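Inspection log for the structure reproduced underneath, given as structure tokens.
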Amino acid sequence: MDVRLTVHRSAHEIGGNCIEIATSDHRIVLDVGRPLDAPNNATGLLPTTLDLKAPMDGVLVSHPHQDHYGLLEETPRGWPVFCGEATKRLIQLTSGIFGKPIDRDFRLWKSGSPFEVGPFRITPHLTDHSAFDAHMLLIEAEGKRLLYSGDFRMHGRKSVLVDRFMAAPPLDLDVLLMEGTNLGSDKSCVTEGELEIGFEALFRQTKGRVFVTWSAQNIDRTVTLYRACLKAGRTLVVDLYTAEVLEMLSEFGKLPRPDWAGIKIVITSAMARMYRRKGNEAFVERMVPFGISAKKLSATHEKWVVMVRPSLMRDYARSGVEPNAADAWSWSMWRGYLDNKDGALVSKWLEDGGSRANHIHTSGHASPAVLRSFAHAMNAKQLVPIHGAAWDGDTTGFPFIRRLVDGETMTL
């Protein structure tokens, strides 16, 4: 019996993954991601080639980034959703605070433990990525074997997971569906350990405060910043959302917690109001013993490392927090985001104050060299490229590639 693979979206772009695997009368979808270039309020973004009326055995969400689950609510409610437990919690937390709560039939997997969805046998494998709880997925059906890489890298704090997977890869793969985000680019792929050294040096060299922009869900980066703060004798200041993410995920690993030494929660009026509107006043009250007001961050002699983004800047400014030449700032995210509205606001606020820029970041995705090594280690009969914009111009050194376009179906 045949197994069919359709890349509904992500064959020629980064993000927006939506990939279907089907047999004669069963099918699953790997991720239902929101395109990265979609306007915030845009709807009706699911690929038109994805049949929403035919039965669906399940949606498999590889990790909790919007470009992999952001269109979940556009899928029929009867479609069950499979993912890791931390992924479910992060999706529900984020949607509950910043949008409409997502309440679906979530069915949870455990890394390394196979489970069955219709005729599909699926084995999730925890991997290294800037998103917490990211997984690769081994899918077996009708005698065929397919590996979905999801998003991964080999220079984060969980790089050993990729090392081990490459040393003992799944055998006899028919298809490797692999991301290629960093092909054709020169993005930094240094280790989080090297970033920690860089941040520690920045913190020691700076007389005033250090303002840093990073994603609250990039747990590796939060850990890096926290460790660098401890070594440099500074205090890391995060917002309520970051504090809730850390508290929620603490049971999944040894992560900084709001009640640890060397970390403070800035309780801004705007974010506190938002939490109360969402009925989560109890969390705000629970954070008060570990919190500080935005006004305290105006003390330029204190050794603060302060999380900053536009939603916080308004409260900072009202509280007298004014960047100056003794301060430094670091954009610890993809540099391309500096060109958007939020990035421009952060940059202007800090540069107008004369703060020194020192951007320290590393990619959440594998380097081109690691992509080639990984593809060879998997030794699949065919490599189907996804999640990349340079696959047509940077294929040297890869094994046999089967190039698809969005909506095209191949039979394994």
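The values are calculated or read from the model by the stated rules, or taken from the named source; none is laboratory data. Small disclaimer: the values here were computed from a predicted structure and weren't measured. Ideal geometry is used to build each Cβ from the backbone, glycine not excepted, and the neighbour counts take in all protein chains shown. Ligands, DNA and RNA are excluded from the accessible area calculation, which covers all protein heavy atoms including side chains. Shrake-Rupley method; radii C 1.70, N 1.55, O 1.52, S 1.80 Å.
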*Inter-label distance for Asp174 and Phe290, nm, one decimal - labels placed 7 Å from Cα along Cα-to-Cβ*: 4.9
_Within region 218-289, trypsin sites (Lys or Arg not before Pro) in DSSP loop having at most 15 other beta-carbon neighbours inside 10 Å_ = Lys254, Lys278
_I'd like the Kirkwood hydrodynamic radius of region 278-372, using the inverse of the mean 1/r over distinct C-alpha pairs, in Å._
15.6
*Taking a probe of 1.4 angstrom, what is the accessible area of Ser367 in Å², to the nearest 10?*
20
*For region 9-38 versus region 321-337, the gap between their alpha-carbon centres in whole angstrom*: 36
_Taking just the alpha-carbon atoms of region 142-202, what radius of gyration and Dmax come out, in angstrom?_
15.6, 55
*Select from Ser298, Thr206, Leu173 the residue farthest towards the positive end of the dipole of the chain; place +1 on Cβ of Lys and Arg, -1 on Cβ of Asp and Glu, and compute about the Cα centre.*
Ser298
*asked:* What lysines does Lys100 reach when the alpha-carbon gap must be under 21 Å and sequence neighbours fewer than 8 apart in one chain are set aside?
replied: Lys88, Lys278
*Enter the accessible area of Glu116 (Å², nearest 10), with the probe set to 1.4 Å and all protein chains included.*
140
*Whenever you get a sec, line up Thr94, Thr395, Thr43, Thr222 from highest to lowest accessible area (probe 1.4 Å, protein heavy atoms).*
Thr43, Thr395, Thr94, Thr222
_Over region 173-237, what is the relative contact order in percent, taking alpha-carbon pairs closer than 8 angstrom and at least six residues apart?_
36
*What do you reckon, how do Phe400, Phe132 stack up by accessible area (1.4 Å probe), largest on top?*
Phe400, Phe132
*Given region 232-323 reduced to its alpha-carbon atoms as identical point scatterers, what log10 I(q)/I(0) does the Debye formula return at q = 0.10, 0.21, 0.25 Å⁻¹?*
-0.25, -1.06, -1.38
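Per residue, what volume in Å³ does the Cα convex hull of the chain take up? Each step should come with its number before you reach the end.
Values: hull volume 54.9 nm³, N = 412.
Measuring per residue, one finds 133 Å³ for the Cα hull of the chain.
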*Hey, for a label at Leu36 modelled as a point 7 Å past Cα toward Cβ, could you say which residues of region 377-401 have their backbone N under 11 Å away?*
387-390
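Kindly report the accessible area of the chain per residue (heavy atoms of protein chains, probe 1.4 Å, no ligands, DNA or RNA), in Å².
Per-residue value: 41 Å².
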*Values of log10 I(q)/I(0), in the order q = 0.20 Å⁻¹, for region 211-262 under a Debye, Cα-only, solvent-free model*: -0.64
*Sulfur and carbon atoms: percent of accessible area, region 11-153 [1.4 Å]*: 49
